[in-house]
């Protein structure tokens, strides 16, 4: 086929394009990821019994705010990265700021704690399962975000995959916060972050292969 | 001769191609056809300067980039320079091409100058070594028939639905998925 024939083929009967299609794809992916993670959390882990009480405390909302900031940052980045020629944008500032804030808070709490208790407030009671649970809850979001990306045109596959993974991981962490009994910033600074890093790294590795177009 | 890399000329070319492309996105077939043919001239010139050691593959890669531009067209935002968008796609396909053939030796000059893309059109098509028509024939019926009826025979979606027995939305989806499948088959096929 000659190039002119290909041009005729592509142009023939060309349909109007929905300019909001990329935004719609990501809306569906975020909705599916959040609902999937909440559903998995409720059926496999269960909502923490004292949720009503802790929801009245500011520390609970601080715990949600951390993954929420990462989610907003990662969503902003991945939506830009899905378009050829766009930079990753300001999302990374929010991500770095949120992680820094949690780490500064964790260091502050550690300094204020007696040396004998420091390890205890980092490990909490659930450090063995936390990262694994978050990674598990991120599976629906991971699939949904990769579906959204595959319909678009990312050109930096590793970074797009990593941001997609972080988006899935942060949605999973939001859902997990409603189950997780840990209320220490030192715990989130390590184990929540580690849990979100699992899908992030997986996304970076799989992006090169799965996002090619 | 006046330098064609002159900024004003590039700027007006950008605006001209962008308005054609935006009309194309709204479903204006004639504007879209003009856009693709003018773009292919620019892309050919651009690829020619990048593939000096493999002139036989310029036309193949050009067709690959045109398919990619078409399949990715929903990701274009009107406030973004068209040059940057097309260049990112061409660059991505060029890197993919080099990687697939592990020809890092050809990949020595800078790929970062987007301004060059619309500099000098090259209108003389070469012979493509790969036959897209043959690849099209290999697509599954549900994708091939809608493309043949609408894109090659010029039927409307409604007419194509009647002759193929598919629903109208199946025809549209078939075209969309078929062109994506074609792009995947084109990739790495010599």
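Each reported figure results from applying straightforward, stated rules to the coordinates on display, with no laboratory input. Quantities reported herein were computed from a predicted structural model and do not represent experimental measurements. Because the Cβ atoms are built from the backbone with ideal geometry, glycine has one as well, and the counts that use them run over all protein chains shown.
A few comments on the model shown:
- Computed from the Cβ-Cβ distance with R0 of 25 Å, the FRET efficiency linking residue A:116 to residue A:201 stands at 0.15.
- Measuring r between the beta carbons of residue A:104 and residue A:50 and using R0 = 30 Å, the FRET efficiency lands at 0.60.
- Cα pair distances in the protein assembly as shown, grouped into 20 Å bins until the bin that holds the longest one, percent each: 25, 46, 24, 5, 0
- Spacing of the modelled spin labels on residue B:153 and residue B:184, each 7 Å from Cα toward Cβ, amounts to 2.6 nm.
- Helix A:139-150 axis, angle to chain A major axis (alpha carbon atoms, nearest 10°): 30
- Rounded to the nearest 10 degrees, the angle from helix A:127-137 to the longest Cα principal axis of chain A is 30 degrees.
- Radius of gyration over Kirkwood radius for the range A:59-210, both on Cα atoms: the Rg/Rh ratio is 1.02.
- Between 0 and 90 degrees, the angle of helix A:91-112 with respect to the longest Cα principal axis of chain A falls at about 10 degrees.
- Note on residue A:96 and residue B:11: the model spin-label points, each 7 Å out from Cα along the C-beta direction, lie 3.4 nm apart.
- Calculated P(r) of chain B - Cα pairs past 22 Å, %: 51
- Sorted fewest first by neighbouring Cβ atoms within 10 angstrom, A:24, B:172 come out as A:24, B:172.
- Label-to-label distance for residue B:49 and residue A:21 is 3.2 nm, based on points extended 7 Å past Cα in the beta-carbon direction.
- Working value for the range B:130-190: equivalent-ellipsoid semi-axes of 22, 11, 8 Å, each the square root of 5 times a Cα gyration tensor eigenvalue, largest first.
- Computed across the range A:146-213, the Kirkwood hydrodynamic radius from all distinct Cα-Cα pairs reaches 12.6 Å.
- Rounded to 0.05, the FRET efficiency of the residue A:194 and residue B:137 pair, given R0 = 45 Å and the Cβ-Cβ distance, is 0.30.
- Debye intensity ratio I(q)/I(0), log10, the range A:92-137, q values 0.14, 0.22 Å⁻¹ (C-alpha model): -0.49, -0.90
- Computed extension gain for residue B:124 through residue B:80, at 0.36 nm per residue and net of the alpha carbon distance, reaches 12.9 nm.
- Taking only the alpha carbons of the range A:38-78, we obtain Rg and Dmax values of 13.0, 36 Å in that order.
- If you look at the Cα atoms of the range B:1-79, you get an Rg and a Dmax of 13.9, 39 Å.
- Measuring between their Cα centroids, the range B:15-73 and the range A:146-213 lie 35 Å from each other.
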